[in-house]
Amino acid sequence: MDKLQISGGVALRGEIAISGAKNAALPLLCAALLTREPVTFTHVPHLNDIGTMLRLLEQMGVKVAREAGKVPGGTHSAGAGDTVTLDASALDNPLAPYELVKTMRAAILVLGPLVARAGEAKVSLPGGCAIGARPVDQHIKGLTAMGAEISVEHGYVHAQATRLKGARIFTDMVTVTGTENLMMAACLGAGETIIENAAREPEVVDLATCLNAMGARVSGAGSDVIRIQGVDALHGATHRVMPDRIETGTYLCAAAATGGDVRLTGTSSAYLDAVIDKLMDTGCEITAERDAIRLKAPARLNAVSIRTAPYPAFPTDMQAQFMAINAVADGTAVIRETIFENRFMHAVELIRLGADIKIDGNTAFVKGVAELQGATVMATDLRASASLVIAGLVAQGETVIERIYHLDRGYEALDQKLIALGAHVARLK
């Protein structure tokens, strides 16, 4: 397995382009199952999870055409994004097998579109990061309300319906993939579906925008009540994947921790209000442009306390990165994780680098230290990996991060982008 070697102590400086959002691209690719006509997506990030999703769709009978993003001169560019065209006209195998689902929880997103379009779906219960229980009961509850007959046997969700019908669905918890799955399924249902307590994330809005371009009638995305008027069929469309707000936040944190000065292009601060506010509280100077963000860090950061909660509050996917910057900030920060119960596994690895962190249940107390020391650490999940990269960039000496396949699931060309910002980083085979 690949490892990442980092020689720390270098302030990040320069400019890089932000890639398309993994958490937007995955449901968008599944939306192509809803139509017999080709759907084209641009700015698709080159990530392991994207490759897994495309293989999953291919084995269902979907034709996949993928063209690497280019820059003038013809070379592939990290951040330019691939163009992917999906043709589901010959969809003939509505099955998502365990072998493809076990590494990627987002595979559950094929469930709603398959039932709506093919009348049947058999989807393995999902895997992904080991950060706690992420049940699919809200997906099942919503599809059942829409008339699907569902059973769970031998590790698979088996759903059938002649045609889904409109329903009023109130989710017991805010679930992004649940909202997306039910929204896609309702597009081909008979009548109106109302999803209450819906997730408000920008990725949900991006999916709704694409569905409407395909002929769906979705309103209210971005609020906690989404209405979908079912139609008989959807058609093809072309859609550009939104920029990755978590990648954006991660590079901002890396620049902040190292005392750097970076400009991130192809992104927007509009998706990151809670994160931007906290970075400004650390003492960073942030300039928001129409499609770029610049961060200039002070000599020493101030510690900032955070509490994760559903959008538009502080995102759980940025908690680990802020633990890393608080580890070298001035003062003590309190971090409360309210979304996932196992999401402090990176704390032990940060402590190996010299961080002063104490954990009490879902709360971490982080006291800033003068400096971190390089060591060998192990990534445990996608965002934990990012926190270790940030810590390694700050630490004195050499840090080696093992199991970086987690990073490759969610960060396109991370080592190349860090090198472009002046970091001393090498991928070890």
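Evaluated with a Cβ-only charge set (Lys, Arg +1; Asp, Glu -1), the chain carries a dipole of roughly 140 debye about its Cα centre, given to the nearest 20. Of interest is the spacing of the C-alpha centroids, which for the stretch 221-250 and the stretch 279-340 amounts to 27 Å. With an 8 Å Cα cut-off and a minimum separation of 6 or more residues, compute the relative contact order for the stretch 250-347 in percent. Relative contact order of the stretch 250-347: 28 percent. Sites listed here are trypsin sites (Lys or Arg not before Pro) in the stretch 16-60 whose DSSP assignment is loop and whose Cβ has at most 15 other Cβ atoms within 10 Å: 36. Sequence-ordered 3J(HN,Hα) estimates for the stretch 301-317 from the Karplus curve with 6.51, -1.76 and 1.60 and θ = phi - 60° stand at 7, 8, 5, 9, 7, 9, 9, 6, 6, x, 3, x, 6, 5, x, 4, 6 Hz, glycine and proline given as x.
With respect to the chain, whose longest principal axis is taken over its alpha-carbon atoms, helix 176-187 is tilted by about 20°. Between the stretch 370-404 and the stretch 2-63, what is the C-alpha centre distance in whole Å? About 24 Å separates the Cα centre of the stretch 370-404 from the one of the stretch 2-63.
Note on the chain: helix-only mean residue ellipticity at 222 nm, from DSSP H runs of 4+ residues weighted -39500 (n - 2.57) and normalised by residue number, equals -9000 deg cm²/dmol. The Cβ shell under 12 Å around residue 394 holds other residues with a net charge of 0, Lys and Arg each +1, Asp and Glu each -1. Placing pseudo-labels 7 Å out from each Cα toward the beta carbon at residue 285 and residue 63 gives an inter-label distance of 5.5 nm. Prolate is the label for the chain, because the ratio a/c of its alpha-carbon gyration tensor axes (a ≥ b ≥ c) is 1.5 or higher and a/b is greater than b/c. The relative contact order of the stretch 102-224, computed from alpha carbon pairs under 8 Å that lie at least 6 residues apart in sequence, is 24 percent. The overall shape of the stretch 263-327, judged from the alpha-carbon gyration tensor, is oblate: a/c is not under 1.5, and a/b is no greater than b/c. Helix 48-59 versus the longest principal axis of the chain: what is the Cα-based angle in degrees, 0 to 90, to the nearest 10? Rounded to the nearest ten degrees, it is 20. For residue 204, what charge total do you get from the other residues with a beta carbon under 13 Å from its beta carbon, if Lys and Arg give +1 and Asp and Glu give -1? Net charge around residue 204: -3.
May I ask for the net charge around residue 302, where only other residues with Cβ less than 12 Å from the Cβ of residue 302 are counted and Lys, Arg are +1 while Asp, Glu are -1? Cβ neighbours under 12 Å give a net charge of 0. Sort the stretch 343-390 into rounded, prolate or oblate with this rule: let a ≥ b ≥ c be the square roots of the eigenvalues of the Cα gyration tensor; rounded if a/c is under 1.5, and if a/c is not under 1.5, prolate when a/b is larger than b/c, oblate otherwise. Here the stretch 343-390 falls in the oblate category. Look at the dipole of the chain built from charges on Cβ: of 142, 159, 40, the Cα furthest out on the positive end belongs to 40. Here the contact order of the chain, divided by its residue count and restricted to Cα pairs under 8 Å and six or more residues apart, works out to 21 percent. Label zone of residue 363 (point 7 Å out along Cα→Cβ, amide N under 18 Å): in the stretch 302-316 this covers 304-309.
Here r is the Cβ-Cβ distance between residue 153 and residue 55 and R0 is 25 Å; the resulting FRET efficiency, rounded to 0.05, is 0.55.
Relative to the longest principal axis of the Cα atoms of the chain, helix 22-31 runs at roughly 10 degrees. Residues whose amide H falls under 5 Å from that of residue 380, counting only those 5 or more places apart or on a different chain, are 385, with hydrogens built in the peptide plane.
We did not get these values from a lab; they are worked out from the coordinates using the rules stated. Bear in mind the structure is a predicted one, so any value in this text is a computation, not a measurement. Note that we place each Cβ from the backbone using ideal geometry, even for glycine, and neighbour counts take in every protein chain shown.
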